[in-house]
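Heads up, the thing below is written out as structure tokens.
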Amino acid sequence: MLENPRLRKWHDEWLLEATIEDLQKKLSEGELTSVDLVQMYLYRVGKYDKEIRSVIEINPDALYIAAALDAERKRNGARGPLHGIPIFLKDNIDTGDKMHTTAGSLALNDHYAMNDSFVASQLRGAGAILLGKTNMTEWANFMTFGMPSGFSSRGGQTVNPYGKFDVGGSSSGSGAATAANFATAAIGTETSGSILNPSLKNSLVGIKPTVGLVSRTGVIPITHSQDTPGPMARTVKDAAYVLEAIVGADVQDPVTLTNPLSNGFIEELKELSLKGMRIGVARGHFLERLSKHKISLYEETIQVLRQLGAEVVDEINIPSAKEQWGFEILTYEFKPSLNAYLKDTASMNQIRSLEDVIAFNHKYPQETLTYGQKLLEAAEKLSGTLVEEEYIRILERDSYLSRKRGIDYALQKDRLDAIVFAGDRGSVIAARAGYPSVIVPAGFIPNGEPFGIMFTGTAFSEKTLLKIAYAFEQATKHRRPPILGE
């Protein structure tokens, strides 16, 4: 129990599910401070995260940063919507402070980043408090086969706060911590489903941006073709506020120079009607092996979209829907991407290459090789120069099939604004295309497992997707917080 009766009252009667706008109202009126917020969120971490294991590290300066931002607010007013708002970062995102960045690996257990990642820098500039790092599936689930979502040698096993369900990966800790209200929002990263899947499993809104909307500089990589950071939050508007803060052009990540968007995401979240919107429904292959309860929730979703005024085009055609997407691109790109990251780490970091990571794990197998490292070893065997004919062929093939014979084909054929998928079933094809997706809570099946639906569009269609997601969220308000044990 919180000792301070004022904080205890705020925590017990108000903090749970408070949005960014709720928090800013109390902060601007002087009823609460950011120090209060940090103390209440830290109390929740201490009380409930022993079982969930979502937080891998707390920023030791968090309370001081909060105090400084409170003082700044008094002098100058708030910088913007994120001023004094506590946010978690996935443990593969650099922060040039007293926190480690390890990708969940004991091999990087002593690694401190020399500088902020672009994302961390943008958040600090917006006035956010970087509260800590969250656990993740080790190496973003590109270490081996059969590793459970949310497991890392450094952080152990993260579990789902809703019960004995898969916590989702690889941004598992970001999902569980946000669902459990340990911070206002979190940043995850995605290569293929790693924001969308844990958002689905934890009844969250997750935004997987277009590759190029958000810089990857300072993020421990898997692949330069598909990686992207993105926000995870309890509401569409909260996720949009965070997205707006982290977007920006970065010369160190040239793909961001293709980005035509910079802001205006929140402006789209006013209209609750979808009149004039055309939304395609993905069925067939995308519903295979989905339980009857989840299909029922999906059908309810489609009816809601119709009720909101959208023109629903049922059972659209995505020619590459049944394509067997491999992970060859990830295997080829992981070694050069990781080696480029590690070579620029501080001189005190003894791990300078993928080869070093593998050797470290062999040296401490009991601590690090619970599930092996077959994917790391497969990547190390490749040249790391990206000259292989197979790689170049598959890179072109996946781009063509996921775009021209995939998402863009369906959008253009039926003049669609977006495609709706059950759960995160379309995340693989969207990942190959580098296209955006937004996942939103869509209810719970009878055993209490969260379910969600995903809206996907073409490159840089985030504003459209957020508009649709917001209207659906406001019409249904399916999310409810997990019941946490003592």
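The values are calculated or read from the model by the stated rules, or taken from the named source; none is laboratory data. This structure is a prediction, so every number in the text was calculated from the model and none was measured. Methodologically, a virtual Cβ is constructed for each residue, glycine included, from the backbone with ideal geometry; neighbour enumeration extends over all protein chains shown.
Computed values, structure above
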| item | result |
| --- | --- |
| Some residue of the stretch 384-406 being under 24 Å from Gly276 (Cα atoms) and either among the hydrophobic types (A, V, I, L, M, F, W, C) or touching a Leu at 6+ places or on another chain (Cβ under 9 Å) (or both) | no |
| Residues of the stretch 462-486 classified as of a type outside the set (D, E, K, R), within 20 Å of the chain's Cα centre (by Cα), surrounded by fewer than 20 Cβ atoms within 10 Å (Cβ to Cβ) and within 14 Å of Glu268 (Cα to Cα), total | 1 |
| Failed condition for Arg6, given (1) farther than 21 Å from Gly175 by Cα; (2) charged (D, E, K, R); (3) not in a helix (DSSP H, G or I) | (3) |
| Selection status of Pro209, surrounded by 24 or more Cβ atoms within 10 Å (Cβ to Cβ), within 13 Å of Ile439 (Cβ to Cβ) and not acidic (Asp, Glu) | yes |
| Qualifying residues in the stretch 189-248 (those that are among the aliphatic types (A, V, I, L, M) and in a loop (DSSP other than H, G, I, E, B)) - the one farthest from Glu17 (Cα to Cα) | Ile222 |
| Which listed residue is modelled with pLDDT of 95 or more and in contact with a strand residue (DSSP E or B) (Cβ under 6 Å, 6 or more places away or on another chain), from Glu300, Glu311 | Glu311 |
| Residue that is nearest to Leu82 (Cα to Cα) [pool: residues in the stretch 236-285 that are surrounded by 15 or more Cβ atoms within 10 Å (Cβ to Cβ), more than 22 Å from the chain's Cα centre (by Cα) and not charged (D, E, K, R)] | Leu274 |
| Residue check, Gln226 outside the structural domain of Leu466 (by TED's automatic domain parsing), surrounded by fewer than 24 Cβ atoms within 10 Å (Cβ to Cβ) and touching a strand residue (DSSP E or B) at 6+ places or on another chain (Cβ under 9 Å) | yes |
| Filter result for the condition that a residue is outside the structural domain of Glu190 (by TED's automatic domain parsing), modelled with pLDDT of 95 or more, among the hydrophobic types (A, V, I, L, M, F, W, C) and within 30 Å of Ala18 (Cβ to Cβ), over Ala469, Ala430 | Ala469 |
| Condition check for Asp36: in a helix (DSSP H, G or I), loosely packed, with under 13 Cβ neighbours inside 10 Å, touching a Leu at 6+ places or on another chain (Cβ under 9 Å) and free of Cβ contacts under 8 Å to residues at least 40 places away in the same chain | no |
| In the stretch 392-411, the residues that are farther than 11 Å from Tyr435 by Cβ and touching a residue at least 40 places away in the same chain (Cβ under 8 Å) | Ile394, Leu395, Asp398, Leu401, Arg405, Tyr409, Ala410 |
| Flag if Glu311 is assigned by TED's automatic domain parsing to the domain that holds Pro441 and acidic (Asp, Glu) | yes |
| Filtered residue count, the stretch 249-276, keeping only those that are at pLDDT 95 or above, in contact with a Ser or Thr (Cβ under 8 Å, 6 or more places away or on another chain) and in a loop (DSSP other than H, G, I, E, B) | 4 |
| Lys463 vs. criteria of a type outside the set (Val, Ile, Thr) and touching an Asp or Glu at 6+ places or on another chain (Cβ under 7 Å) | yes |
| Pairs, first without any contact (Cβ under 8 Å) to a residue 24 or more places away in the chain in the stretch 114-130, second of a type outside the set (A, V, I, L, M, F, W, C), C-beta under 7 Å, six or more apart | Arg124/Asp116 |
| Residues of the stretch 290-335 that turn out to be outside any helix (DSSP H, G or I), of a type outside the set (S, T, N, Q) and more than 30 Å from Ala378 (Cα to Cα), as a count | 12 |
| Enumerated helices (runs of 4 or more DSSP H) restricted to the stretch 86-185, each holding at least 1 residues that are assigned by TED's automatic domain parsing to the domain that holds Leu63 and surrounded by fewer than 24 Cβ atoms within 10 Å (Cβ to Cβ) | 118-125 |
